[in-house]
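Here the structure comes first, spelled out in structure tokens, and everything after it is commentary.
The values are calculated or read from the model by the stated rules, or taken from the named source; none is laboratory data. None of the values given here were measured: they were computed from a predicted structure. Ideal geometry is used to build each Cβ from the backbone, glycine not excepted, and the neighbour counts take in all protein chains shown.
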């Protein structure tokens, strides 16, 4: 049986060109996508991407002498569709800057220092309830190279694969209460305020367990009218 999902409203999708973001033209198609019927091979395989991409685990913060610098946080994500049905077995990749706002990548030569105890990337497979958990440090903000006063707020990148390669969502997660959220050009490229809220995690009230970590919960909706907006 074929299940049909509502399309997200256009205002829930980011604009094609983000003003002041020079990488837009490399990351966003200039013209609308051409839709064509999918063949059986595209909708049935290759099955289970996790067989080809080895999971890396979700422990990034470290401990003892190898503990990363910064506020330790725990991210609890749930991957679902528009009906709240968990996407069991989804392959989830994440990457982020360190606590100083720098990525472990040769293209990032910013002023901020690298942390020898922090790699900043993970790859996990969602459980039967669509859940994954990552222990990391809160990423720092950083200035965009346009040098016009634009800073990216703390955020985490996620790539979610379904059971086939074509079923993929690339998005970002933001943190609540960050002053830079209001001026971030990528977050605010999504015109619908309710859709923008779906990109912001929820801080779980501290309970003392774990005593030295802040806990954030976040839901990624992979398809349907209330789908999590894509982000570059």
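Contact map, the range 219-232: first residue at positive phi and free of Cβ contacts under 8 Å to residues at least 24 places away in the same chain, second residue part of a strand (DSSP E or B) and buried (at least 19 other Cβ atoms within 10 Å of the Cβ), Cβ cut-off under 7 Å, separation 6 or more or different chains; the map is empty.
Considering (1) farther than 18 Å from residue 231 by Cα; (2) assigned to a loop (DSSP other than H, G, I, E, B), the lone condition that residue 132 does not fulfil carries the number (2).
When the range 182-217 is filtered for residues that are in contact with a helix residue (DSSP H, G or I) (Cβ under 8 Å, 6 or more places away or on another chain) and either in a strand (DSSP E or B) or under 30 Å from residue 63 (Cα atoms) (or both), the ones remaining, listed by number, are 190, 199, 200.
Within the range 121-141, restricting attention to residues that are over 17 Å from residue 78 (Cα atoms) and either modelled with pLDDT under 95 or within 13 Å of the chain's Cα centre (by Cα) (or both), the residue that is surrounded by the most Cβ atoms within 10 Å (Cβ to Cβ) is 139.
Enumerate the pairs (first residue in the range 81-93 and on the phi > 0 side of the Ramachandran plot and surrounded by 16 or more Cβ atoms within 10 Å (Cβ to Cβ); second residue anywhere and at pLDDT 90 or above and not in a strand (DSSP E or B)) with beta-carbon separation below 8 Å, excluding pairs fewer than 6 apart on the same chain, so at least 6 apart or on different chains. Matching pairs, first to second residue: 89/126.
Candidates 117, 98: the one that is within 18 Å of residue 58 (Cβ to Cβ) and surrounded by 21 or more Cβ atoms within 10 Å (Cβ to Cβ) is 98.
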